[in-house]
Amino acid sequence: MHSGLRQSKRNAAIYLLADLFVLRRAGHYETWGLAVNESMHMGTPALVSERVGCQRDLVTEGETGWVFKPTNPPRSKQNSPAPLAALADPATRRRLRENVTARSRLYLRANFGGPFRGAREHSATLQSPA
């Protein structure tokens with residue numbers, strides 16, 4: 001278990017060894033939560049606060065992770081039974097990792113841009129108004 005900010009080359013290894021990535025945001029809203037992307041890229045399911053912006057796109061309850069209310073953070077087996085039960089079962093844990101890996105591929109840098117790809121080059125060919 002690791003608590004706090006960590007920015008190092010060891011993050012990938014930490015994510016690979018983890019069974020679950022937890023991002024608790026109790027205060028203000030977290031616009032996205034890049035660490036969730038990083039952990040999911042390594043196949044680690046996430047347990048995130050509903051105040052973490054990426055939860056709407058990345059976390060599907062029971063498929064790629066779980067979302068909790070910041071007023072009721074996961075602190076024990078009693079208030080986080082679904083994640084713990086899922087992670088206790090090897091087949092479910094394997095399925096979660098497969099789902100997480102597939103979901104994270106949608107958010108690779110190479111996939112960003114979509115309709116905006118090439119827009120800068122195209123805009124350079126347009127004449128600016130006089």
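Every number here is computed from the coordinates shown, using simple stated rules; none is lab data. As the structure is a prediction and not an experimental result, all values here were calculated from the model.
What is the extension gain from residue 16 to residue 107, computed as 0.36 nm multiplied by their sequence separation minus the C-alpha to C-alpha distance, in nm to one decimal?
Taking residue 16 through residue 107 to full extension adds about 30.9 nm, to one decimal.
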Exercise. State whether segment 14-80 is rounded, prolate or oblate according to the following rule on the C-alpha gyration tensor (a ≥ b ≥ c being the square roots of its eigenvalues): a/c under 1.5 gives rounded; otherwise a/b larger than b/c gives prolate, and the remaining case gives oblate.
Key: oblate
